[in-house]
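Taking it in order: structure first as structure tokens, then the write-up.
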Amino acid sequence: MAKQLITVTAFIIGLALFANGVFMLVAPEAWYWTVPGVPVRGSFNQHFVRDIGIQYLLMGVAFAYGARNSQHRLLLWALPTTWLVGHAIFHVLEVAVGLCGPEYLLVDFAGVTLPALISLGLVYGHYRVGRGANLALSDAVNAPVHPEAI
């Protein structure tokens, strides 16, 4: 059950990332004005929006393909997750150094932080299920620490 939930979620996030990338490539200015928080981050740059759109397309393909093909799933999901988490951290750092106000953590949550958290959960879940482990959060919190693992 957990494995199926993980793969379905990955396929859905892959489709969402891919659709966002298509939107960015096909209608970059409409994307710029439609996505909350984007216009306040700087002036419209069609080249930049399309560059990032390609990244979103590739991340979408990686998640969707990984959901359908388990052979390289961990790598296919870990690479875009690294970008998504880095992107979310960058947004937090923008607030921390005063480039934008803390309200943008909420504005950006659905489009920046949530995909990063979901992706982390997918990678972690796939890794745990692959090892035959229980996915209960209490297991992760209460797991013994082995000194040789540090």
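Of the residues that make up region 18-41, is at least one touching a Phe, Trp or Tyr at 6+ places or on another chain (Cβ under 8 Å), buried (at least 16 other Cβ atoms within 10 Å of the Cβ), closer than 22 Å to His126 by Cα and at pLDDT 95 or above?
Yes, region 18-41 contains a residue that is touching a Phe, Trp or Tyr at 6+ places or on another chain (Cβ under 8 Å), buried (at least 16 other Cβ atoms within 10 Å of the Cβ), closer than 22 Å to His126 by Cα and at pLDDT 95 or above.
Which of the residues that make up region 28-45 are closer than 14 Å to Asp108 by Cα and either in contact with an Asp or Glu (Cβ under 9 Å, 6 or more places away or on another chain) or touching a residue at least 12 places away in the same chain (Cβ under 8 Å) (or both)?
The answer is Tyr32, Val35, Pro36, Gly37, Val40, Arg41.
Right, Ile118: open to solvent by 70 Å² or more (accessible area, probe 1.4 Å) and not hydroxyl-bearing (Ser, Thr, Tyr) or not?
No.
Which of the residues belonging to region 45-66 are buried (at least 23 other Cβ atoms within 10 Å of the Cβ) and hydrophobic (A, V, I, L, M, F, W, C)?
If the condition is that a residue be buried (at least 23 other Cβ atoms within 10 Å of the Cβ) and hydrophobic (A, V, I, L, M, F, W, C), then Met59, Ala62, Phe63 are the ones that fit.
Based on what the data block shows, is Leu84 open to solvent by less than 80 Å² (accessible area, probe 1.4 Å) and either modelled with pLDDT of 95 or more or small (Gly, Ala, Ser) (or both)?
For Leu84, the condition - open to solvent by less than 80 Å² (accessible area, probe 1.4 Å) and either modelled with pLDDT of 95 or more or small (Gly, Ala, Ser) (or both) - is met.
Please verify whether region 70-81 includes one or more residues that are open to solvent by 30 Å² or more (accessible area, probe 1.4 Å) and of a type in the set (Phe, Trp, Tyr).
Within region 70-81 (the criterion being open to solvent by 30 Å² or more (accessible area, probe 1.4 Å) and of a type in the set (Phe, Trp, Tyr)), the answer is no, since none of the residues qualifies.
The values are calculated or read from the model by the stated rules, or taken from the named source; none is laboratory data. None of the values given here were measured: they were computed from a predicted structure. Don't worry about glycine lacking a Cβ; one is built from the backbone with ideal geometry, like all the others, and counts go over all protein chains shown. Heavy atoms of the whole protein, side chains included, go into the accessibility calculation; ligands, DNA and RNA do not. Shrake-Rupley method; radii C 1.70, N 1.55, O 1.52, S 1.80 Å.
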